[in-house]
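Structure first, commentary second.
The values are calculated or read from the model by the stated rules, or taken from the named source; none is laboratory data. Quick caveat, the model's predicted, so the values are computed rather than measured. A quick note on method: Cβ atoms are made from the backbone with ideal geometry, for glycine too, and the neighbour counts reach across all protein chains shown. Calculation scope for accessible area: heavy atoms of the full protein, side chains included, ligands and nucleic acids excluded. Shrake-Rupley method; radii C 1.70, N 1.55, O 1.52, S 1.80 Å.
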Amino acid sequence: MLDSLIVPLLVTTDLPPDADLAEFGSLLADTVRTLGDGEASYSGFLHGGVFWLDRPGPPAHDGGSAVSMAEELRFAALIGYLSISGVRHSPKEVVAGVREVITEAVAGRYGDLGSPPAVMAIRTEDVRERTPPSALPVRTADAVAELVAVARPYM
């Protein structure tokens, strides 16, 4: 059996209003397929759900020019489980590494959105309790089969 670590994750970020939520989820899932700490790489498998945390609001009116709906950012989230191979990493180290690669991937895809994505470990109960039924399912394609098997009880 593969040595592994499972970390419940929350990722939140602003996205352009025309961003496709499924594409955002795929970007995150694919980004964590191979992770590393500079010395060695290890496999990752992410599964969970992505959803909008807000809807675009009406344009702001502050006496100046109004911000158009097409320019307002939307707030998106992913809640799920990240499984990685190897147990020599602490959850804190894993989250720091994942934060780095997700920040690079989001900036590469969507450009500078004003602030980096927030990536944090959460409680297992939060994944079940806080993922809305309307969340779009996300999972890393072509992940290491052993990681998928280890994660199955959490799916």
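Within this structure, Pro116 passes the test of being touching a residue at least 40 places away in the same chain (Cβ under 8 Å), within 19 Å of Asp54 (Cβ to Cβ) and either open to solvent by 60 Å² or more (accessible area, probe 1.4 Å) or among the small types (Gly, Ala, Ser) (or both). For the range 25-36, a residue qualifies if it is surrounded by 15 or more Cβ atoms within 10 Å (Cβ to Cβ) and out of contact with any Lys or Arg (no Cβ under 8 Å at 6 or more places or on another chain), and the qualifying residues are Gly25, Ser26, Leu28, Asp30, Thr31, Val32, Arg33, Leu35.
Listed conditions (1) among the hydroxyl-bearing types (Ser, Thr, Tyr); (2) within 12 Å of Val7 (Cβ to Cβ); (3) at pLDDT 95 or above are all met by Thr103, apart from (2). Among residues of the range 1-20 being aliphatic (A, V, I, L, M) and open to solvent by 20 Å² or more (accessible area, probe 1.4 Å), the one that is farthest from Ile79 (Cα to Cα) is Met1. Of the residues that make up the range 86-94, is at least one among the small types (Gly, Ala, Ser) and not in a loop (DSSP other than H, G, I, E, B)? No: the range 86-94 contains no residue that is among the small types (Gly, Ala, Ser) and not in a loop (DSSP other than H, G, I, E, B).
Looking only at the range 124-136, decide whether some residue is open to solvent by less than 40 Å² (accessible area, probe 1.4 Å), closer than 15 Å to Ala77 by Cβ and part of a strand (DSSP E or B). No, that holds for no residue.
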